[in-house]
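Structure record follows, encoded as structure tokens.
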Amino acid sequence: MDVTVRIRRYDPEVENPESYWQDYPVALDGSATVLDALIKIREEQDGTLSLRCSCRSSICGSCAMRINGHAGLACKTQAASAIDGNNTIVIEPAGVMPVVKDLVVDFSLFWDKIRQVEPYLQPQGEQPEAEYIASNESMLHLSSVTACIMCGSCVSDCTVLEVDPTFLGPAALAKAYRFTADPRDGDSNGVSQERLEQLVEPTGMWDCTRCGECVAACPKGVDPMDRIMALRDQAMSAGLNNSNGARHAEAFVDIVGHSGSLNEALLPVKAVGITNVPGLISFLPVGLRALTHGKMPPLIHHNIENVKNVRKLVKKLEDPPLD
Amino acid sequence: MKYAFFPGCVARGGCPELYQAAKLICQRLGIELQEMPGASCTGAGVLQEKNEFLGDTLNARTFAMAEDLGMQIMTICSTCQGVMSQANFRMRKDPEYLARVNKELAEEGLEYKGTADPKHLLWVLIEDIGLEKLTELITRPLAGIRLAPFYGCYLIRPTDALDMADHPERLTALEQVIETLGATVVDYSGKTRCCGFPILTINETNSVAMVAKHTSDVKDLGADAMITPCPLCHLNLDGYQPKAQAQANRKIEMPILHLPQAIGLAMGISRQELGLQKHIMSTKALTLKVGAG
């Protein structure tokens, strides 16, 4: 299989360093991975090509990079599945993190965020006489999230981190969930109230757009976005409802539970809070522009037909009767 | 061909021009639309943050209504499509879960049998109608127009719920339509990224930064307009572009077309009928270039 590997290169040691593309023709056997191709290039054609790799079997998490525009492990990606119609594979360093050289990026941002969520058990209830005991059942749902190999693929492709490096990001939030969902963390009921209080702050769980890039990028099935959604559920269940995100979700359920469909004029008002005057004023220019262009959502919102059936469902499933 | 029509809340609210343009092009394509006035909101992924089971039950309720009509569902919103596909995926792979949902629907006399296969207009076009049929209806090809696709996350991810393995054509559907209309595709990595809409009321700065990034990127590539199958992306990319311009401190002025508006333009439908005067970012230069006034 004759393949062209197009690599985004960068050398910080030249005068006026700038990134550039370089194409390498390489002959591969059908079972070669993208990492095999890169190592072959480095060994046979260009010893200056820099990349990180170690285990070659999706365990160490060293070789995360962008393959055809999306983050993944080079060692887990078959070259044959990555070639386009012209037998070309496009390789770039991981996104979001600054490039050190070629395909090597600086992971400081990644590790800073992991440290920020204090990734160790913090039991706060009474100390047991012997060891902390967690049942098998209570740990099963953590098996996928503990599979994280810290490769940074999710961080590379996070759409929020791309515009705001202060966001905690998918890897750290998934790691935080690994502890909030652990029965040994937090109070004697396993509720990690203090963690959740920190995580609902700006730059935390509510800043995720739910775009799903991290789920697509993760090579280990950690599904960070789903963990972030679970964190939101935990926070609301723990009574942490005084954030724009929680208000937005609650307002959404209220509105759909009342009229069956979304009232776009009312949702932002309820989401920022009716007493939040500066927040409400910030919507005015957008509202006015919408009004003058005939795009203002109807102020008198019509209910769907037989709305009582939806109201009943929402009421029942939101406030289930106690057994 | 007849579909149970699920336009979504935004096409009835903040983007009425999408609804009217979709109706017009469907008429010409021979797509009959049966409204479902009793169908609720899908939950848009937001309601699911609070209560996924409730969200799935509401969607099963809509699916059951379509089954009773004997029709498949068509939507014109990427977000509705994604949320319905995800709900359907969970229910169809787990009969016990579906039974739990149906227990809730029984009170209303409804049952979801698991046969729904909701499809976005974009998928209906390439899978059920065929691009040949669309080609026949083009009277004003968009020759010389450079269109940048913007899918909306929910029409791209997660790939299992969206059945991408069986339908790889869905990943390039928008580009195929752009080419069929006679326009040129502007390719860029942002086409499958997030528009920022879901965090608009939570972190407006970040949301607007995403608008600035995508609209600037395609501007720099010489696009005449962006085209999106998602009204929520439209609301952000169009409605918040003035703020994005201020934040990025540059003029962008990128028209954001709904998928049916671009198709309608190529079918010779007027600017007014397609609601192109209702956008925040002017579409005038574009429609003049197309010859639509």
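The table below lists the values:
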quantity: Among the residues listed as A:L280, A:L317, the single one being in a helix (DSSP H, G or I), at the interface with another protein chain (Cβ under 10 Å from one of its Cβ atoms), surrounded by 15 or more Cβ atoms within 10 Å (Cβ to Cβ) and within 31 Å of the chain's Cα centre (by Cα); calculated: A:L317
quantity: Residue identified as free of Cβ contacts under 8 Å to residues at least 12 places away in the same chain, more than 9 Å from chain B (Cβ to nearest Cβ) and under 23 Å from A:L121 (Cβ atoms) among A:S237, A:S188; calculated: A:S237
quantity: Qualifying residue in the stretch A:289-305 (condition: at pLDDT 95 or above and surrounded by 17 or more Cβ atoms within 10 Å (Cβ to Cβ)); calculated: no
quantity: Subset of the stretch A:226-244 (residues that are aliphatic (A, V, I, L, M) and in a helix (DSSP H, G or I)); calculated: A:I228, A:M229, A:A230, A:L231, A:A235, A:M236
quantity: Complete set of residues in the stretch A:279-301 that are more than 14 Å from B:I280 (Cβ to Cβ) and of a type in the set (S, T, Y); calculated: A:S282
quantity: Among (1) within 11 Å of another protein chain (Cβ to nearest Cβ); (2) part of a helix (DSSP H, G or I); (3) out of contact with any Lys or Arg (no Cβ under 8 Å at 6 or more places or on another chain) - the single one B:D187 does not satisfy; calculated: (2)
quantity: Subset tally (residues that are exposed (fewer than 15 other Cβ atoms within 10 Å of the Cβ) and closer than 27 Å to A:M225 by Cα) for the stretch B:127-162; calculated: 1
quantity: Any hit, the stretch B:5-12, residues being surrounded by fewer than 20 Cβ atoms within 10 Å (Cβ to Cβ) and facing another protein chain (nearest Cβ under 9 Å); calculated: yes
quantity: Any hit, the stretch B:195-210, residues being away from chain A (no Cβ under 14 Å) and either at pLDDT below 95 or surrounded by fewer than 24 Cβ atoms within 10 Å (Cβ to Cβ) (or both); calculated: no
quantity: Subset of the stretch B:150-164 (residues that are under 23 Å from B:Y188 (Cβ atoms) and part of a loop (DSSP other than H, G, I, E, B)); calculated: B:F150, B:Y151, B:G152, B:I156, B:R157, B:P158, B:T159, B:L162, B:M164
quantity: Within the stretch A:250-268, considering residues that are part of a helix (DSSP H, G or I), closer than 20 Å to B:N236 by Cβ and facing chain B (nearest Cβ under 8 Å), the one modelled with the lowest pLDDT; calculated: A:P268
quantity: Selection status of A:R247, of a type in the set (K, R), in a helix (DSSP H, G or I) and facing another protein chain (nearest Cβ under 9 Å); calculated: yes
quantity: Some residue of the stretch A:174-183 being of a type outside the set (A, V, I, L, M), closer than 26 Å to A:S57 by Cα and either part of a loop (DSSP other than H, G, I, E, B) or in contact with a strand residue (DSSP E or B) (Cβ under 7 Å, 6 or more places away or on another chain) (or both); calculated: no
quantity: Answer from B:F89, B:F53 - the residue that is surrounded by fewer than 24 Cβ atoms within 10 Å (Cβ to Cβ), of a type in the set (F, W, Y) and under 29 Å from A:N241 (Cα atoms); calculated: B:F53
quantity: Breaking point among (1) within 8 Å of chain A (Cβ to nearest Cβ); (2) assigned to a helix (DSSP H, G or I), for B:E179; calculated: (1)
quantity: Test result for A:A271, within 24 Å of B:F150 (Cβ to Cβ), part of a helix (DSSP H, G or I) and at the interface with chain B (Cβ under 7 Å from one of its Cβ atoms); calculated: no
quantity: Yes/no for B:A44 being among the small types (G, A, S), outside any strand (DSSP E or B) and away from chain A (no Cβ under 14 Å); calculated: no
quantity: From the options B:L171, B:L235, residue that is within 10 Å of another protein chain (Cβ to nearest Cβ), under 18 Å from the mean Cα position of the chain (by Cα) and assigned to a helix (DSSP H, G or I); calculated: B:L235
quantity: Subset of the stretch A:205-227 (residues that are among the small types (G, A, S), out of contact with any Lys or Arg (no Cβ under 9 Å at 6 or more places or on another chain) and either at the interface with chain B (Cβ under 8 Å from one of its Cβ atoms) or buried (at least 24 other Cβ atoms within 10 Å of the Cβ) (or both)); calculated: A:A217
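Residues are listed down the side, and each one gets a yes or a no for (1) touching a helix residue (DSSP H, G or I) at 6+ places or on another chain (Cβ under 8 Å); (2) in contact (Cβ under 8 Å) with a residue 24 or more places away in the chain:
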| site | (1), (2) |
| --- | --- |
| B:T184 | yes, yes |
| B:K191 | yes, yes |
| B:T201 | yes, no |
| B:S207 | yes, yes |
| B:A212 | yes, yes |
| B:S216 | yes, yes |
| B:L221 | no, yes |
| B:T228 | yes, yes |
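The values are calculated or read from the model by the stated rules, or taken from the named source; none is laboratory data. Small disclaimer: the values here were computed from a predicted structure and weren't measured. Quick reminder, even Gly has a Cβ in these numbers, built from the backbone with ideal geometry, and neighbours come from all protein chains shown.
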